[in-house]
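Q: Before we start, here is the structure in question, set down as structure tokens.
The values are calculated or read from the model by the stated rules, or taken from the named source; none is laboratory data. From a predicted model like this one, the values you see are computed outputs, not experimental measurements. A quick note on method: Cβ atoms are made from the backbone with ideal geometry, for glycine too, and the neighbour counts reach across all protein chains shown. The accessibility values were calculated without ligands, DNA or RNA, using every heavy atom of the protein model including side chains. Shrake-Rupley method; radii C 1.70, N 1.55, O 1.52, S 1.80 Å.
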Amino acid sequence: MKVGVIGSGDVGRVLAGGFLAHGHEVAIATREPAKLAAWAKQNPKGRVASFAEAAKFCELAVLAVKGTAANEALAAAGADALAGKVLIDATNPISGPPQNGVLKFFTTLDESLMEGLQKQFPRTRFVKAFNSVGNARMVNPDFGGVRPTMFICGNDAAAKATVQRILDDFGWETEDMGGAEAARAIEPLCMLWCIPGFLRNQWTHAFKLLK
Ligand SMILES: NC(=O)c1ccc[n+]([C@@H]2O[C@H](COP(=O)([O-])OP(=O)(O)OC[C@H]3O[C@@H](n4cnc5c(N)ncnc54)[C@H](OP(=O)(O)O)[C@@H]3O)[C@@H](O)[C@H]2O)c1
């Protein structure tokens, strides 16, 4: 697929590299292309683009920007360019530094970041994924042969099936938690995931749902 990664931080770079490694065409987007000079050298098959160029280029988009900038970044990408496309939303609504290891969010338990984005960009097919694991474990995580669980949600079943195929390739087991409202539960998993990191400098774990 043609994948447009909107975001140039650790997550954007890791997922862009992962999509390239799994045989996809990738455009990674930033407001400042110079930031991605080293990434471009290491990934000669990838292209560096503006938010709008990546959105136009892609069949599937990935949103990997600061949560506070998600709306602005999607507006810059363009609602028309993203219309009808699957968008993997890896963002978290982090509002400030942790308190005793617990991050603060600007959302409430009754409205998640992704629901707000889905309302703002109703023609884009949002699927929450990759938000509750560290970037170092996002692609082909090695847990001694055990597949960790990626919790996903979104309103479009076909979009979630597409994302599940990608997660299969990337070494994950997928748990579909339902519609966009489930992001109210999935986004705070980021808070839980980060606590061992902030308290004990442990950043290499992932969640597994036992059944
Ligand atoms: N770090 C992790 O391991 C991890 C794991 C799971 C989920 N997440 C989530 O994934 C997202 C990305 O995290 P990250 O650590 O890779 O990077 P980040 O530092 O949270 O975000 C960097 C990206 O945000 C964009 N950005 C910042 N302000 C902006 C603005 N005003 N308008 C448009 N774009 C703006 C930057 O664009 P430019 O390139 O133009 O500067 C850059 O691409 C976050 O929502 C984070 O909570 C992170």
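Q: Find out how many positive minus negative residues lie around G144, taking Lys and Arg as positive, Asp and Glu as negative, among other residues whose Cβ is under 15 Å from that of G144.
A: Counting the neighbours of G144, the net charge comes to +1.
Q: A follow-up question, please. Under 22 Å between C-alpha atoms is the cut-off here; go through region 6-86 and count lysine pairs that meet it, provided they're at least eight residues apart or on different chains.
A: For region 6-86, the number of qualifying lysine pairs is 7.
Q: Excluding residues fewer than 8 places away in the same chain, name every one of the aspartates and glutamates whose C-alpha is closer than 12 Å to that of K119.
A: Those aspartates and glutamates meeting the cut-off are E111, E181.
Q: Same structure, new question: Return the tail of the calculated pair distribution for the chain, meaning the percent of Cα-Cα pairs more than 20 Å apart.
A: Of all Cα-Cα distances in the chain, 54 percent exceed 20 Å.
Q: Round to a whole number: what % of the accessible area of the chain belongs to carbon and sulfur, probe 1.4 Å?
A: In the chain, the share of accessible area belonging to carbon and sulfur is 53 percent.
Q: Karplus couplings for region 30-42 from phi (6.51 cos²θ - 1.76 cosθ + 1.60, θ = phi - 60°), rounded to Hz, Gly and Pro as x?
A: 8, 7, 10, x, 4, 4, 9, 4, 5, 4, 5, 5, 6
Q: What FRET efficiency, computed as 1/(1 + (r/R0)^6) with R0 = 30 Å and r the Cβ-Cβ distance, is obtained for A40 and N201, rounded to the nearest 0.05?
A: 0.45
Q: Something else: Tell me, what HN-Hα J-couplings in whole Hz come from the Karplus equation 6.51 cos²θ - 1.76 cosθ + 1.60 at θ = phi - 60° for each residue of region 134-148, using x for Gly and Pro?
A: Along region 134-148, the couplings run x, 4, 5, 10, 6, 10, 6, x, 9, 10, x, x, 8, 7, x Hz.
Q: Related question: Per residue of region 168-185, in order, report the coupling 6.51 cos²θ - 1.76 cosθ + 1.60 (Karplus, θ = phi - 60°) as ³J(HN,Hα) in whole Hz, putting x for Gly and Pro.
A: So the Karplus estimates, Gly and Pro as x, are 4, 5, 7, x, 10, 9, 9, 10, 7, 9, x, x, 4, 4, 5, 4, 4, 9 Hz.
Q: Using only alpha carbon pairs under 8 Å that are at least six residues apart, calculate the relative contact order of region 1-74 and give it in whole percent.
A: Computed over region 1-74, the figure is 43 percent.
Q: Nothing charged except the Cβ atoms of Lys and Arg (+1) and of Asp and Glu (-1): what's the magnitude of the dipole of region 56-113 about its Cα centre? Round to the nearest 20 debye.
A: Around 180 debye, computed over region 56-113.
Q: Shape call for region 117-195 from the C-alpha gyration tensor, a ≥ b ≥ c root eigenvalues: rounded (a/c under 1.5), prolate (a/b greater than b/c) or oblate?
A: oblate
Q: Something else now. Among W203, W172, what's the order by accessible area (1.4 angstrom probe), most exposed first?
A: Final ranking, largest accessible area leading: W203, W172.
Q: Considering only C-alpha atoms, what is the centroid distance from region 165-200 to region 144-164, in Å?
A: Distance between centres, Cα-based: 10 Å.
Q: Something else about it: Using protein chains only and a probe of 1.4 angstrom, how many square angstrom of F198 are accessible, to the nearest 10?
A: 90
Q: Here's a follow-up. Quick check on packing: order 68-75, 137-144 by the mean number of other C-beta atoms within 10 Å, highest mean leading.
A: 68-75, 137-144
Q: Computed over the Cα atoms of region 1-114, what is the convex hull's projected area averaged over all directions, in nm²?
A: Numbers: hull surface 31.3 nm².
Approximately 7.8 nm², given one-decimal rounding.
Q: Let me ask another. Quick one: accessible area per residue over region 1-81, 1.4 Å probe, rounded to a whole number of Å²? Write down the numbers at each step before the final one.
A: On the way: 3890 Å² over 81 residues.
Ligands and nucleic acids excluded, the result is 48 Å² per residue.
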